[in-house]
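See below for the structure under consideration.
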Amino acid sequence: MRLKDLFALFRAPSRSEGSASAAKQRLQVILAVERPLTRGQPDFLPLMQREILEVIRKYVPIDERKIKVEVEREADMSLLAVSIELPNAALSRAI
Amino acid sequence: MSQVIVVTSGKGGVGKTTSAAAIAAGLAMKGKKVCVIDFDVGLRNLDLIMGVERRVVFDFINVINDGIRLNQALIKDKRVEGLYILPTSQTRDKDALSREGVEKVIEELRQDFDYVICDSPAGIEKGAYMALYFADEAIVVTNPEVSSVRDSDRILGILNSKSRRAEKGESPMKQHLLLTRYDLDRVARGEMLKLEDVVEILSIPVLGVIPQDDMVLQCSNLGLPVVLEPKSIAGQAYMDAVRRLMGETVELRFTTPPKKSFVNWLLRRTA
């Protein structure tokens, strides 16, 4: 046994504490996001997105590629954000 | 009443086959008639873990596709009365598992056995779906480690939506957590998720906690289900899990570190 090892005997145990709690926390966050997608609930988002777009398309011509749909989940609420970029022509006609 | 139980996990290498072998052997030691089926077509290993690899003549796939009778393919264990192994094919692939074929075999086994244990392959492909589809209960094998817990959560979602019980709207499949490779020292040091954490995240009842035990490897080297080695603490923990599966109330063991002696303490410090 080297001197270093002898000293190590009397030192406080190494502080690797916390990595397990980090694991738990990370899992809780990621599963909160994944569960609604994986736990067998009907995924209504694509259908709802299509219907919303159909309504808008009745009034303004829109480009499929300029549409962004996002869902943000937090502890006690979820936010559905649909952003649609309208062509300039459509707007000027409306005004 | 015959019970079909799938041993599953999503993630590979967490101890599904070891657990399926141990639980099947344990149930047979308790006097039940048990058949354990390998669903990992193309990568069979249950035969090795059970120590019957040299006795495989016909397999599960031959029974489904080639007109071989079930009792020509079943291998009777020579150590435990009432324990039978249905190996799978090493050369075919998972497309050889048709749902109708699997159903026919499982229904036939139900007539004859108290328990049918389905050892699932890893992943969420056809083999895994076939292993869980006809099950009444599921044992979800999980290691106290982030990727294993996440995959177990995914599998729980699949059990709840893709099994026959779910599709037919019958009562949901009973699900059990089997936490394996539980290293008490690392849990005590805060380096490993503890049982309570995993239970809180997955929220299913605990069937057993299997402590990290070097004898598990030694038993697999010998083709011995670990419950046949009475000195193994993992084997003892599996036997406790078997008793719980049969409905007994058995207190959890091996979930707190053994009492520390000065010698142990000294050894750990110098290791």
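The values are calculated or read from the model by the stated rules, or taken from the named source; none is laboratory data. Computed from a prediction, not measured in an experiment: that's the story for all the values here. Neighbour counts are summed over all protein chains in view; Cβ atoms, including those assigned to glycine, are modelled from backbone coordinates with ideal geometry. Please note that ligands, DNA and RNA were not included when accessible areas were found on the heavy atoms of the full protein model with its side chains. Shrake-Rupley method; radii C 1.70, N 1.55, O 1.52, S 1.80 Å.
Determine, from the Cβ-Cβ distance of B:ARG253 and A:MET77 and an R0 of 41 Å, the FRET efficiency 1/(1 + (r/R0)^6), rounded to the nearest 0.05.
The value I calculate is 0.45.
Quick one: divide the alpha-carbon radius of gyration of region B:90-194 by 2.2 N^0.38 Å and tell me what you get.
1.25
Would you jot down the residues in region B:138-159 that end up with at least 20 Å² less accessible area in the complete protein assembly than in the chain alone, with a 1.4 Å probe?
Residues shielded by partner chains are B:VAL146, B:ARG150, B:ASP153, B:ARG154, B:GLY157.
One-quarter of the Cα convex hull surface for region B:4-75, in nm²?
The number I arrive at for region B:4-75 is 5.4 nm².
Note down the net charge around B:ALA234, summing +1 for each Lys or Arg and -1 for each Asp or Glu among other residues with Cβ under 14 Å from its Cβ. Intermediate values should be presented prior to the final figure.
Numbers: positive: B:ARG181, B:LYS231, B:ARG253; negative: B:ASP183, B:ASP213, B:ASP214, B:GLU229, B:ASP240.
Once all neighbours under 14 Å are counted, the net charge is -2.
Which order do B:TYR84, B:TYR115, B:TYR238, A:TYR59 take by accessible area at a 1.4 Å probe, largest first?
Reading off the accessible areas and sorting them downward yields A:TYR59, B:TYR84, B:TYR115, B:TYR238.
With 19 Å as the limit, write out which pairs from A:LYS24/B:LYS194; B:LYS32/B:LYS126; B:LYS76/B:LYS231; B:LYS94/B:LYS168 have Cα-Cα distances beyond it, or answer none.
B:LYS32/B:LYS126; B:LYS76/B:LYS231; B:LYS94/B:LYS168
Please compute the volume of the convex hull spanned by the alpha-carbon atoms of region B:153-271 and report it per residue in Å³.
Per residue, the Cα convex hull of region B:153-271 comes to 151 Å³.
Taking 2.2 N^0.38 Å as the expected size of a compact globular protein, what ratio does the Cα radius of gyration of region B:1-46 give against it, to two decimals?
That ratio works out to 1.20.
Under the rule of -39500 (n - 2.57) per DSSP H run of 4 or more residues, summed and divided by the residues of the protein assembly as shown, what mean residue ellipticity at 222 nm is obtained, to the nearest 500 deg cm²/dmol?
-13000 deg cm²/dmol
What span do the alpha-carbon atoms of chain B cover on each of the three principal axes, reported in whole Å from largest to smallest?
Principal-axis extents of the Cα atoms in chain B, largest first: 64, 40, 34 Å.
By accessible area of protein heavy atoms, probe 1.4 Å, what ranking do B:THR255, B:THR180 get, highest first? Write down the numbers at each step before the final one.
Details: B:THR255 45, B:THR180 5 Å².
Ranking B:THR255, B:THR180 by accessible area, largest first, yields B:THR255, B:THR180.
May I ask you to give the solvent-accessible area per residue for the protein assembly as shown, in square angstrom, as obtained with a 1.4 angstrom probe? Intermediate values should be presented prior to the final figure.
Numbers: 19990 Å² over 366 residues.
So the protein assembly as shown comes to 55 Å² accessible per residue, rounded to a whole number.
Filter chain B for me: DSSP H helices, axial length by Cα at least 15 angstrom, mean Kyte-Doolittle hydropathy not below 1.0. List them by residue number.
Both cut-offs are met by B:16-29.
Taking only the Cα atoms of the protein assembly as shown, how large is their convex hull per residue, in Å³?
Dividing the Cα hull volume of the protein assembly as shown by its residues yields 219 Å³.
Considering the Cα trace of region B:1-126, what is its radius of gyration and what is Dmax, both in angstroms?
13.2, 36
Anyone know which of B:SER232, B:SER148, B:SER261 comes out most mobile in the 10 Å Cα GNM of chain B?
The residue that fluctuates most here is B:SER261.
Take the solvent-accessible surface of the protein heavy atoms, probe 1.4 Å, and return the percent of it on chain B that carbon and sulfur atoms account for.
Carbon and sulfur: 49 percent of the exposed surface of chain B.
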